[in-house]
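Peer 1: Attaching a single structure in structure tokens format; questions to follow.
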Amino acid sequence: MTTPVLPRVADALACYSQAVSQVESARSVTERLRAFATLGALRRLLDDALKSVRAEEDRLAEPLIKDMAADGLASANIDVPFLENKVERFNIHTRREFFCQKKADRDGVTQETVCAVLRQLGLADLCQETFDAAAVKGRLREWLANGTEIPRELRSVFQWGEVTRLVSSK
């Protein structure tokens, strides 16, 4: 993981206890405002670092899924040395997840188009001002599990399927 954000995170974590003590000892409005701004800066820095970490995980995941499948591994327990010489054990495994998403606006599929299709199919309960993506996903998953034929009109505004994700859990 070589990204310019990560070295700054080490600095931010080193400053964390200082920031917390700054918050605890702040008396004047100016001191408390400075403490608040410091914590906000730290949060933004850590948010940026987390995005970088997720991007790196995503980059590694696909080839690892293929490698695990080729090696016949459903999961693996991996020990990871952590802060303060502590070792944490993680279980790395794949998980299949169902997804459903509206096709792109550039393909002519707008919120209004989706709601019109849902109403036409008698699914107005899935559409208020905009459509309820989670409810549509749930209904599609239910229909697929029951072998119900998916209306052609839905195929014109949604795409769905399964993706395999690599998951790390304790």
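The values are calculated or read from the model by the stated rules, or taken from the named source; none is laboratory data. Values in this document were obtained by computation on a predicted structure and should not be read as measured data. A quick note on method: Cβ atoms are made from the backbone with ideal geometry, for glycine too, and the neighbour counts reach across all protein chains shown. The protein model used for the area step is the full one, side chains on, heavy atoms only, and it has no ligands, DNA or RNA in it. Shrake-Rupley method; radii C 1.70, N 1.55, O 1.52, S 1.80 Å.
Peer 1: So which of Glu149, Glu153 is farther than 30 Å from Ala69 by Cβ, outside any helix (DSSP H, G or I) and over 25 Å from the mean Cα position of the chain (by Cα)?
Peer 2: Result of the check over Glu149, Glu153: Glu149.
Peer 1: Just to be sure, is Arg59 open to solvent by 80 Å² or more (accessible area, probe 1.4 Å) and farther than 30 Å from Val23 by Cβ?
Peer 2: Numbers: open to solvent by 80 Å² or more (accessible area, probe 1.4 Å): yes; farther than 30 Å from Val23 by Cβ: yes.
Yes, satisfied.
Peer 1: A further question follows. I'd like to verify a number: residues in the stretch 145-170 that are touching a residue at least 12 places away in the same chain (Cβ under 8 Å), within 16 Å of Gln101 (Cβ to Cβ) and either open to solvent by 50 Å² or more (accessible area, probe 1.4 Å) or of a type in the set (A, V, I, L, M, F, W, C) (or both), how many? Full working, then the answer.
Peer 2: Within the stretch 145-170, the first condition is being touching a residue at least 12 places away in the same chain (Cβ under 8 Å), and the residues that meet it are 151, 153-154, 156-170.
Still in the running and within 16 Å of Gln101 (Cβ to Cβ): 154, 156-163, 165.
Adding the requirement that they be either open to solvent by 50 Å² or more (accessible area, probe 1.4 Å) or of a type in the set (A, V, I, L, M, F, W, C) (or both) leaves 154, 156-160, 162-163, 165.
Final tally of qualifying residues: 9.
Peer 1: Which pairs have Cβ atoms under 6 Å, sit 6 or more apart or on different chains, and link a residue in the stretch 61-82 that is within 12 Å of His93 (Cβ to Cβ) to one that is open to solvent by 90 Å² or more (accessible area, probe 1.4 Å)?
Peer 2: Asn77/Arg89
Peer 1: Only residues that are at pLDDT below 90 and surrounded by 10 or more Cβ atoms within 10 Å (Cβ to Cβ): list them for the stretch 83-99, please.
Peer 2: Taking the stretch 83-99 as the starting set, the residues that turn out to be at pLDDT below 90 are 83-88.
Once the filter is applied, which keeps residues that are at pLDDT below 90 and surrounded by 10 or more Cβ atoms within 10 Å (Cβ to Cβ), the stretch 83-99 yields only Glu88.
Peer 1: Can I ask one more? Restricting to the stretch 114-135, what's the tally of residues that are open to solvent by less than 50 Å² (accessible area, probe 1.4 Å) and either within 24 Å of the chain's Cα centre (by Cα) or under 15 Å from Cys100 (Cβ atoms) (or both)?
Peer 2: 8
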